[in-house]
1. Within the set of pairs 6+ apart or on separate chains, which have a first residue in the range 142-167 that is in contact (Cβ under 8 Å) with a residue 40 or more places away in the chain and closer than 21 Å to SER212 by Cβ, a second that is open to solvent by 10 Å² or more (accessible area, probe 1.4 Å) and not in a helix (DSSP H, G or I), and C-beta atoms under 7 Å apart?
2. Being open to solvent by 10 Å² or more (accessible area, probe 1.4 Å), at pLDDT below 95, in a loop (DSSP other than H, G, I, E, B) and not aromatic (Phe, Trp, Tyr) narrows it down to one residue among ASP133, ASP164; which is it?
3. Can you tell me how many residues in the range 168-210 are open to solvent by 10 Å² or more (accessible area, probe 1.4 Å), farther than 16 Å from ASP127 by Cα, within 16 Å of the chain's Cα centre (by Cα) and of a type outside the set (D, E, K, R)?
4. Could you tell me whether ILE149 is crowded, with 19+ Cβ neighbours inside 10 Å and in contact with a helix residue (DSSP H, G or I) (Cβ under 7 Å, 6 or more places away or on another chain)?
5. Within the range 27-41, which residues are part of a helix (DSSP H, G or I) and open to solvent by 30 Å² or more (accessible area, probe 1.4 Å)?
6. Here is a check on your reading of the model: is SER176 in contact with a Ser or Thr (Cβ under 6 Å, 6 or more places away or on another chain) and part of a helix (DSSP H, G or I)?
7. Hey, can you tell me all the residues within the range 136-157 that are more than 25 Å from LEU218 (Cα to Cα) and part of a helix (DSSP H, G or I)?
8. Filter the range 42-62 for residues that are among the small types (Gly, Ala, Ser) and either open to solvent by 50 Å² or more (accessible area, probe 1.4 Å) or in contact (Cβ under 8 Å) with a residue 60 or more places away in the chain (or both) and give the result.
Amino acid sequence: MPTDAAALPILDDLRPRTVTDQVYEALYQRVINLTLPPGARLSEAEVAAQMGVSRQPVRDAFFRLSQLGFIQIRPQRATVVTQISAEAIRQAHFIRLALETACLREAVRLLTPQDHDALEELIRRQDAAIRADDRSGFHALDDQFHHDICAASGLEFVWTLVKDNKGHMDRARYLSLSYNAQNAMEEHKVILTALRERDEEKAVAAIGLHLSRIHETLARLRAEQPEMLGL
């Protein structure tokens, strides 16, 4: 007998986060913001004890992180956080540049003055985060700036694709925020100006410069903190 599809719920709207999801997200954020830096050791038993959960969801979260290249699981030895992958950063840059360039071309046409004002408010909050030396807050606002451009263009799925591929890039960005946050904010201002002026080529050039700064970050990390970087 055919299933009555109209009676079935949409699981993504109803499904709560599992224990594994929560463990994974907690560890993921600590790897990204370098609270767990490259080389840090992780114990399945210790993580389970600290979070008050059984070892199975921790084991599952470890596996998910290993599939993304953030940790290396070594049987009978300590699980360790991997070095930041230069190759993964190059791949993430390629993906971001292609997707966000296409998104900006749409945004130039579709964003409203209200959308522009909302982006300007985000930039003001980014400036406040820089002055407060709130790197975590700045990073979140940086992501929101890019997300909101995609969302306001009716292309929120683009940001989902970007987010799924930019983890190693984020680790390098966190290391660079002490000297690069101001540059990032100024580049956001140029992007917003291009959107307000509905200047497509200026917007494309601005996002290209903004995202390609990661190459300078990689070069500086390789010179100053080579232990953080892998191939």
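The values are calculated or read from the model by the stated rules, or taken from the named source; none is laboratory data. Being a predicted model, the structure only gives us computed values, none of them experimental. So basically every Cβ, Gly included, is an ideal-geometry build from the backbone, and we count neighbours across all protein chains shown. Heavy atoms of the whole protein, side chains included, go into the accessibility calculation; ligands, DNA and RNA do not. Shrake-Rupley method; radii C 1.70, N 1.55, O 1.52, S 1.80 Å.
1. Between residues of the range 142-167 that are in contact (Cβ under 8 Å) with a residue 40 or more places away in the chain and closer than 21 Å to SER212 by Cβ and residues that are open to solvent by 10 Å² or more (accessible area, probe 1.4 Å) and not in a helix (DSSP H, G or I), the close pairs are GLY167/LEU68.
2. Details: ASP164 fails: in a loop (DSSP other than H, G, I, E, B).
After ruling out the rest, the residue left standing is ASP133.
3. Final tally of qualifying residues: 4.
4. Yes, satisfied.
5. Taking the range 27-41 first, the residues part of a helix (DSSP H, G or I) are 27-32.
Scanning the range 27-41 gives TYR28, GLN29, ARG30.
6. On the way: in contact with a Ser or Thr (Cβ under 6 Å, 6 or more places away or on another chain): yes; part of a helix (DSSP H, G or I): yes.
Taking the combined requirement at face value, the residue satisfies it.
7. Narrowing the range 136-157 to residues more than 25 Å from LEU218 (Cα to Cα): 148-157.
Selection gives ASP148, ILE149, CYS150, ALA151, ALA152, GLU156, PHE157.
8. Within the range 42-62, the subset among the small types (Gly, Ala, Ser) is 43, 45, 48-49, 52, 54, 61.
Those that are among the small types (Gly, Ala, Ser) and either open to solvent by 50 Å² or more (accessible area, probe 1.4 Å) or in contact (Cβ under 8 Å) with a residue 60 or more places away in the chain (or both): ALA49, GLY52, SER54.
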